[in-house]
1. Spelling out what I want: for every residue of segment 45-54, take phi, set θ = phi - 60°, compute 6.51 cos²θ - 1.76 cosθ + 1.60 (Karplus), and round to whole Hz; glycine and proline get x.
2. What ranking do 114, 140, 28 get, fewest neighbouring Cβ atoms within 10 angstrom at the top?
3. Say we join alpha carbon atoms closer than 10 Å with springs in a Gaussian network model of the chain; which of 165, 36, 79 then has the biggest fluctuation?
4. Hey, any idea what the orientation-averaged projected area of the convex hull of the chain's Cα atoms comes to, in nm²?
5. Pulled fully out, how much extra length does the chain show between residue 134 and residue 114, if you take 0.36 nm times their separation in residues and subtract their Cα-Cα distance?
6. Counting other beta carbons within 10 Å of each Cβ, put 22, 85 in order, fewest first.
7. How do 101, 11 line up, fewest other C-beta atoms within 10 Å first?
8. I need the phi-derived Karplus couplings for segment 17-26: 6.51 cos²θ - 1.76 cosθ + 1.60, θ = phi - 60°, integer Hz, Gly and Pro marked x.
Amino acid sequence: MKNLIKEIKNCTICQEHLIDGCRPVFVTHPKSKILIIGQAPGRRVHESGIPWHDKSGENLRKWLDVTEEEFYDEQLFGIVPMGFCFPGTGKSGDLPPRKECAPQWHPTLLEKMTDVKLTLLVGSYAQKYYLGKQAKRNLTETVMHFEEYLPKYLPLPHPSPRNNIWMKKNQWFAKDLLPQLKEVIKKVK
């Protein structure tokens, strides 16, 4: 695993497409129990090198009902994005994750993470990639039917503050899904 982590940290596969350069941000351990597969690091995470070290991460930790110390315990949480580097900024937010990363690195990483009991698929990119044809018509429907994917996967929307409108439109998420998510996390911990 150490050699693989070093190889990923030195990756430059999509360097020519990244204005801010390559800086893969992820956390893995062979004993990680919960795997979080998100989109890609944002600018703040790119600068700090700490995954989910932003408002989205604060929201995610609240959803999971875990402390920052628990969240960054690599034997509890593995954090592997679809795109390992900050993809840059577009007209309405960050660009989509680069498509090269997941097929290049996920299979080997996941093969070495033998204790994963639950994978959180955060956002539509992770859900489409891992659920494939089992994903519903859109993110809302996929998340709404989260029980169909348990115990292996649990799909979630992105916890970005930009999704406050989605949260208001889909109050079932906080009322119905989050309490169950917290219970699942407690059991796996």
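Read-outs: derived from the displayed coordinates by stated rules, not from any lab. Because the structure is predicted, anything quoted here is derived from the model rather than measured. Note that we place each Cβ from the backbone using ideal geometry, even for glycine, and neighbour counts take in every protein chain shown.
1. Values, residue by residue: 5, 4, 5, 7, x, 10, x, 6, 8, 7 Hz.
2. Listing 114, 140, 28 from fewest to most nearby Cβ atoms yields 114, 140, 28.
3. Result: 165 has the largest fluctuation of those listed.
4. Details: hull surface 40.4 nm².
Projected area, direction-averaged: 10.1 nm².
5. Values: separation 20, 0.36 × 20 = 7.20 nm, distance 2.37 nm.
Between residue 134 and residue 114, full extension yields 4.8 nm more.
6. On the way: 22 18, 85 27.
With the sparsest Cβ surroundings first, the list reads 22, 85.
7. Values: 101 23, 11 17.
Fewest to most other Cβ atoms nearby, the residues stand as 11, 101.
8. 9, 10, 4, 8, x, 8, 7, x, 10, 6
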